[in-house]
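Just so it is clear, none of the values below were taken in a lab; they were calculated from the coordinates. Note that the coordinates shown come from a computational prediction; the quantities given were computed from them, not determined experimentally. Virtual Cβ from ideal backbone geometry, glycine too; neighbours counted across all protein chains shown.
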Amino acid sequence: MARQLDPTTRDALIERVRFYRDLGLTEFYRRPVDPALVAAEAMQGEQEGQLPAEPPAAGEPDLASEPRENAKRPALFADIQPANSFQEPPIPARKTFPAPPEIAAAIPPAERQAALRVIREEMGDCTRCELHKGRHELVFGDGDAAARLMFVGEGPGADEDAQGLPFVGRAGQLLNNMITAMGLKREEVYIANVVKCRPPGNRTPAPEEANTCSPFLFRQIDAVRPEVLVALGATAATYLLGARQPLAGLRGRVHSFRGSRLIVTYHPAYLLRDPRQKKEAWADLQIAMRELGLKAPGRS
Ligand code: SF4
């Protein structure tokens, strides 16, 4: 049976995993628990509870001074292998990404809003993956259907789930500031996520969920046909590029994706946790600006 973590440890663990995820370390393997170690731990706990508080009376065995490894093992554990004979099973091979849909023909700018509406209507009250069970609002996307610049995030959080719009919480505020620093308004860009429904507890979308939902994102990208796409964080970069790589290896250069130029940078939520990386994110956004021929406001 799975061991329950106390809430403080669990929250600290979630925060740490999020931090690694933002760095692009997205795959974690949980070692199967060695039953011999669990048994030894349980036995140690039992013995600690039973050790006499006072020195033993004359003639009684001194259990406290007896080395643990010499303590008699209960019959219950007699058939459990010693710890050093435990064999870890091999780590399973990574799942391959499904092939993305073919790139659709470019749509005239005036028809892009209608094309996005068609995609939204096709999604309907989507139940294609497990994420529909916990959502309040499906968060399709927001912004100018004919935008030159499009941002792609991971998935909605609590604020987005409540309002049905992407990037409206604290991370959204920071994204707005980033857009303003680029000399643009939020209404001039298009914003969407890999998954349109909030993963419970803001966890990373499971591959099945992301792979089920991302074809709609690809179609949104085809409809908007931005000159430049900015992937916000490792999950967006992974599902756009179809490969898991650390963020460090993807940042700082221009990728090609479905007819657009793609820049990879940190997710604003990560920048809220580690503001020291804002300088790096700004360097990434400057690559996007260069590709778009933009100059930061106040600079000639
Ligand atoms: S995450 Fe995407 S595929 Fe899953 S239920 Fe929501 S809209 Fe449908």
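Please state the charge dipole magnitude for segment 159-239, taken about the Cα centre, from unit charges on C-beta atoms (+1 on K and R, -1 on D and E), reported in debye and rounded to the nearest 20. Each step should come with its number before you reach the end.
On the way: 8 positive and 9 negative charges, 16 e Å.
The dipole of segment 159-239 has a size of about 80 debye.
Ranking request for peptides 205-215, 257-267: highest mean number of other beta-carbon atoms within 10 Å first, then the rest in descending order.
My ranking of the peptides, most packed first, is 257-267, 205-215.
The spacing between segment 234-300 and segment 111-190, judged by their C-alpha centroids, is 18 Å.
Treat segment 144-221 as a sphere of radius equal to its Kirkwood radius over Cα pairs and apply Stokes-Einstein at 37 °C in a medium of 0.692 mPa s; give the translational diffusion coefficient in µm²/s, rounded to a whole number. Don't skip to the answer; put the middle values down first.
Numbers: Rh = 13.0 Å.
Roughly 252 µm²/s, to the nearest whole number.
Beta bridges per DSSP, both residues in segment 109-292: antiparallel share near 30 percent. Size descriptors for segment 173-298, from the alpha-carbon set: Rg then Dmax equal 14.2, 45 Å.
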